[in-house]
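Asks: Below is the structure I would like to discuss, written out as structure tokens.
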Amino acid sequence: MPNILKERLKVLRDRLYTVKGPHGSFTIWTPRKDNKFAAEFFNAHQLSKTSSHVLTSQNPLYFVLLRQWLQTCDNEHQCDSVERSWPTRVVFVGPPDSKLELWETKSKESRLAGTGGYLALSHRWGGPTDDDKKKFCTTSENYECRKSGFLESDLPKTFRDAVQVTRELGIQYLWIDALCIIQSISGEDSKDWEDEAPLMALVFNSAYCTLAASSAMNWEEGFLPPRHIRYDKGRTTFRKPRYVCRGPVPPQNFEHDADASPLQKRAWVLQERALSRRTLHFTANYTYFECGDGVRCQNLVKLQR
Ligand SMILES: [Zn+2]
């Protein structure tokens, strides 16, 4: 393509996608075909044009896609290259159906060394009552019990979804503020919170990946609803296959799905997102993966600024 044409296209693209607003200009994400990634995904998992695959969060292939996003980022980008430090506490998730354990990381240094790190959950609290907090949170009363093991069924749906994603991604450790910081019930002192709050930025910055429960208004809603998405290897053009996502699904819209989600209305979340090196956004329409290389959507489209 002649250089002059390239220049014109660039100017046009900038004009089309950079929008000036009252608080300065911002850039809209632009969709690009992501055929290289899609081809790898199709080939690695024997997806063929003769079969289509309904992908819901109950389908193991859904988590294969999430793992592949992270693997591609691990292998091809520098997004996760900073040295990791551990939070004061993490939840050890173990294999499915096993008990969860609250670990103090200082006393488990040898077990944690060389592991793949931990995931951090960014979520909306949604105004829990004192009774909710007593039931679900780590408190001074249940602290010792939680160290020796507690049931997944003791947690609300949003936290259970985070445990499931952690296990499916092959990670052993999960950080959730309500579980890893001792929560004070009305009238109690909040010393642990005061100690831990300043460290939260480091917690998100050191996580292997952040899970953003974008669609969940509160702890009970969860963020892994079934999403019926079908992939097909489409008709070929110029002998190259096109990888398409079919079905009654809306087009990807990261600004609407993630940026304008209930989660982003929470005060802390801007810091959590800005400091996370990589984030999986579980939105009402799609799951997105955001890293330094751009945003990938569950419909196999890649978005770039
Ligand atoms: Zn990356």
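The values are calculated or read from the model by the stated rules, or taken from the named source; none is laboratory data. Small disclaimer: the values here were computed from a predicted structure and weren't measured. Positions of Cβ are generated from backbone atoms using ideal geometry, with glycine treated the same way; all protein chains shown enter the neighbour counts.
Asks: I want to confirm something. Restricting to the stretch 113-127 and keeping residues that are in contact with a helix residue (DSSP H, G or I) (Cβ under 7 Å, 6 or more places away or on another chain) and in a loop (DSSP other than H, G, I, E, B), which single residue is farthest from residue 94 (Cα to Cα)?
Replies: 124
Asks: Restricting the search to the stretch 68-85, which residues are among the charged types (D, E, K, R), exposed (fewer than 13 other Cβ atoms within 10 Å of the Cβ) and within 16 Å of the ligand (Cβ to nearest atom)? Even if it seems obvious, please write down each step before you answer.
Replies: Start the filter on the stretch 68-85 by keeping residues that are among the charged types (D, E, K, R), which leaves 74, 76, 80, 83-84.
Remaining after also requiring exposed (fewer than 13 other Cβ atoms within 10 Å of the Cβ): 76, 83.
Passing the criteria: only 76.
Asks: Moving to a separate point now. Residues of the stretch 51-86 being outside any helix (DSSP H, G or I), touching a strand residue (DSSP E or B) at 6+ places or on another chain (Cβ under 9 Å) and modelled with pLDDT under 90, which ones? Please lay out each step first, then the result.
Replies: From the stretch 51-86, those outside any helix (DSSP H, G or I) are 51-59, 77-86; that's our starting set.
Cutting the leftovers down to touching a strand residue (DSSP E or B) at 6+ places or on another chain (Cβ under 9 Å) gives us 51-57, 59, 77, 79-80, 84, 86.
Passing the criteria: 51, 52, 53, 54, 55, 56, 57, 59, 77, 79, 80, 84.
Asks: Restricting to the stretch 260-286, and then to whatever is at pLDDT 75 or above and more than 16 Å from the ligand (Cβ to nearest atom), can you tell me which residue is surrounded by the most Cβ atoms within 10 Å (Cβ to Cβ)? Write out each step before concluding.
Replies: So the first thing to find is which residues in the stretch 260-286 are at pLDDT 75 or above, and the list is 275-286.
Keeping just the survivors that are more than 16 Å from the ligand (Cβ to nearest atom) gives 282-286.
Values: 282: 31, 283: 26, 284: 16, 285: 22, 286: 23.
Among residues in the stretch 260-286 that are at pLDDT 75 or above and more than 16 Å from the ligand (Cβ to nearest atom), the one surrounded by the most Cβ atoms within 10 Å (Cβ to Cβ) is 282.
Asks: May I pose another question? From the list 153, 184, 215, exactly one residue is modelled with pLDDT of 90 or more and either polar (S, T, N, Q) or not in a loop (DSSP other than H, G, I, E, B) (or both). Which is it?
Replies: Values: 184 fails: modelled with pLDDT of 90 or more; 215 fails: modelled with pLDDT of 90 or more.
Going through 153, 184, 215 in turn, just one is modelled with pLDDT of 90 or more and either polar (S, T, N, Q) or not in a loop (DSSP other than H, G, I, E, B) (or both): 153.
Asks: Would you check if there is a residue in the stretch 86-97 being within 16 Å of the ligand (Cβ to nearest atom), in contact (Cβ under 8 Å) with a residue 24 or more places away in the chain and of a type outside the set (Gly, Ala, Ser)?
Replies: Within the stretch 86-97, the first condition is being within 16 Å of the ligand (Cβ to nearest atom), and the residues that meet it are none.
No, every residue in the stretch 86-97 fails to be within 16 Å of the ligand (Cβ to nearest atom), in contact (Cβ under 8 Å) with a residue 24 or more places away in the chain and of a type outside the set (Gly, Ala, Ser).
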